[in-house]
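Input: a single structure, listed below in structure tokens.
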Amino acid sequence: MGDNGTVAGPGGDVERLRRLAVATLEANWEHDHTVPSRTLYPHQWSWDSAFIAIGWAHVRPERAWRELESLFRAQWADGRVPHIVFNPRLPVGAYFPGPEFWASERAEGAPAAATSGLVQPPVHALAAWLAYRRAPSNAARAALRRLYPRLVAQQRYLATRRNVGGAGLACVVHPWESGLDNSPAWDAPLAAVPADAAVMRAYHRHDTAHAAPAHRPTDLDYARYVAIVASYREGGYRDEDLPGRHPFLVECPLFNAAAGAAEHALARIAPLVGADPGPHRDRAARITEALVRRLYDPSTGTFQPRDLRTGRLIPARTVLGLAPLILPDLPTPQARTVVAEACSARFGVALRMARPLPSHDRTAADFEPLRYWRGPSWMNVNWWVRCGLLGHGRADLAEGLARSMVGLVATAGCHEYFHPDTGAGLGSPAFGWTAALLLDLLAETREPAPVI
Ligand code: 9WN
């Protein structure tokens with residue numbers, strides 16, 4: 001810890017960083033939510049809003065609740081929380097693929113607002129719990145009472161309709177649902193999706209106008225992304241019979257770790273809203289057990305996604321494999337090997353570390369330090385792994401990681417992602433969750449508490 005008891009070191013820098021983070025969030029605030037980035041992502045994104053709410057709780061708690069409640073107003077009748085809620089005030093073409101591509105208004109059970117039909121990792125119950133813990137009040141308890149049934153419905157959707165493999169894990173139907181869209185983990189299942197890069201001539205990609213094309217997914221990747229959405233959309237975004245007709249079906253360790261963490265968080269929230277925490281604890285235990293049984297590979301000592309179309313684990317050792325560490329009930333043998341994986345040359349966690357975790361194995365032949373999710377460092381996955389280290393008695397490593405994260409943003413600013421070696425800021429220069437999670441780290445005291 002620094003002299004003033006925070007991870008950031010002496011006080012002046014903490015104040016400067018806090019001001020930068022608050023200014024970034026303020027600039028991205030849009031009537032009832034925070035955009036991830038004004039240029040690249042000008043609408044509301046699901047897991048971004050969860051991370052951002054954690055940051056708002058430190059400075060303007062009422063915004064944390066507005067952020068989460070505006071997102072959940074767009075929840076579908078089946079319980080899914082859409083990965084994008086479109087802002088109707090923005091011009092057509094502000095983001096690709098936009099509302100006209102998703103056509104949510106044609107789907108049964110979609111809300112009045114235009115949304116995508118996909119989901120993202122369910123980090124929201126954890127965010128609600130952390131926002132409440134940070135700033136408890138009558139207003140916060142009232143917001144929890146309103147959100148609780150919606151959070152439960154979100155979990156029910158994932159545990160039932162998305163239990164495609166039948167083993168108690170949620171299946172993601174698109175790389176965008178994982179949040180780590182372009183991860184090498186998706187290369188093999190994606191390669192099996194028939195597509196032709198030429199179809200992209202019919203569309204206008206918005207991302208490459210605002211970020212370096214060499215950092216972004218290729219046109220062939222996008223052709224496949226579009227083909228998977230088209231397949232899901234043509235089936236009315238229904239989840240029945242997906243194995244027979246859908247081209248991408250994967251059980252992801254981070255997504256399911258988020259679902260397990262959500263049940264742990266709901267077990268904390270339940271007594272505050274007059275509900276029984278028992279069923280949440282039971283469901284959390286079942287998710288952890290299924291994760292270990294289905295996605296833990298004893299030969300690598302880490303978690304790997306399972307491709308339901310081949311039935312096999314995907315061999316790429318990405319940062320996704322470290323995510324189950326956030327589960328407090330992860331058994332000790334698995335927690336130990338995952339910490340060892342985090343501390344290996346692949347990811348480099350240490351008491352003193354020059355740079356935060358990369359998104360992919362540094363030693364892999366396909367590690368790309370500049371391309372989206374294929375090497376660069378992101379604040380949200382680093383924050384996630386840090387929570388896991390704290391929860392499993394490795395406050396020493398959690399502190400090393402936190403220092404490297406704060407140091408990175410102190411030098412480069414609130415970028416979307418960072419070069420894993422030089423620390424240069426990449427992508428959007430004013431990114432919501434980077435600012436929000438920086439606020440969370442800066443608020444840490446000498447003895448940070450585990451998140452759940
Ligand atoms: C597609 C908003 C989102 C994040 C994702 C990140 C990126 C979108 C894109 O931006 O995804 O959803 O256009 O690439 O991969 O994690 O939620 O910040």
Counting only residues in the stretch 5-20 that are under 9 Å from Val406 (Cβ atoms) and more than 27 Å from the chain's Cα centre (by Cα), the one modelled with the highest pLDDT is identified as Asp13
Pairing a residue in the stretch 211-232 that is among the hydrophobic types (A, V, I, L, M, F, W, C) with any residue that is within 14 Å of the ligand (Cβ to nearest atom) and not in a helix (DSSP H, G or I), where Cβ atoms lie under 6 Å and the two sit 6 or more apart in sequence or on different chains, gives Ala211/Gly427; Ile228/His174
When the stretch 250-270 is checked residue by residue, the ones that are closer than 27 Å to Pro189 by Cβ and part of a helix (DSSP H, G or I) are Pro253, Leu254, Phe255, Asn256, Ala257, Ala258, Ala259, Gly260, Ala261, Ala262, Glu263
**Request:** With the condition kept exactly as written, say whether any residue in the stretch 191-204 is surrounded by fewer than 20 Cβ atoms within 10 Å (Cβ to Cβ) and within 26 Å of Ala430 (Cα to Cα).
**Result:** yes
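Residue-wise test of (1) crowded, with 23+ Cβ neighbours inside 10 Å; (2) among the hydrophobic types (A, V, I, L, M, F, W, C).
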site: Glu251; (1), (2): yes, no
site: Ala257; (1), (2): yes, yes
site: Arg268; (1), (2): no, no
site: Gly311; (1), (2): no, no
site: Leu325; (1), (2): yes, yes
site: Thr332; (1), (2): no, no
Within the stretch 85-96, restricting to residues that are in contact with a Gly (Cβ under 9 Å, 6 or more places away or on another chain) and either within 16 Å of the ligand (Cβ to nearest atom) or not in a loop (DSSP other than H, G, I, E, B) (or both), the one that is nearest to Val229 (Cα to Cα) is Phe86
Log entry, pairs with first residue in the stretch 25-37 being closer than 18 Å to Gly413 by Cβ, second being away from the ligand (no atom under 15 Å from the Cβ), beta carbons closer than 7 Å, six or more apart or on different chains, reads Leu25/Trp56
Out of (1) at pLDDT below 95; (2) among the charged types (D, E, K, R); (3) closer than 30 Å to Thr39 by Cα, the one Glu447 does not meet is (3)
Considering the stretch 44-73, residues that are crowded, with 22+ Cβ neighbours inside 10 Å and not in a helix (DSSP H, G or I), and then whichever is farthest from the ligand (Cβ to nearest atom), we arrive at Gln44
Residue hits (the stretch 334-371; surrounded by fewer than 24 Cβ atoms within 10 Å (Cβ to Cβ) and either aromatic (Phe, Trp, Tyr) or within 16 Å of the ligand (Cβ to nearest atom) (or both)) are Phe367, Glu368, Leu370, Arg371
When the stretch 28-78 is checked residue by residue, the ones that are over 15 Å from the mean Cα position of the chain (by Cα), under 15 Å from Leu438 (Cβ atoms) and not β-branched (Val, Ile, Thr) are Asn28, Trp56, Ala57, His58
Being in a helix (DSSP H, G or I) and modelled with pLDDT of 95 or more narrows Val349, Val381 down to just Val381
Of the residues in the stretch 292-336, those that are charged (D, E, K, R) and touching a strand residue (DSSP E or B) at 6+ places or on another chain (Cβ under 8 Å) come to Arg294, Asp297, Arg306, Asp307, Arg312, Arg317
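The values are calculated or read from the model by the stated rules, or taken from the named source; none is laboratory data. Values in this document were obtained by computation on a predicted structure and should not be read as measured data. So basically every Cβ, Gly included, is an ideal-geometry build from the backbone, and we count neighbours across all protein chains shown.
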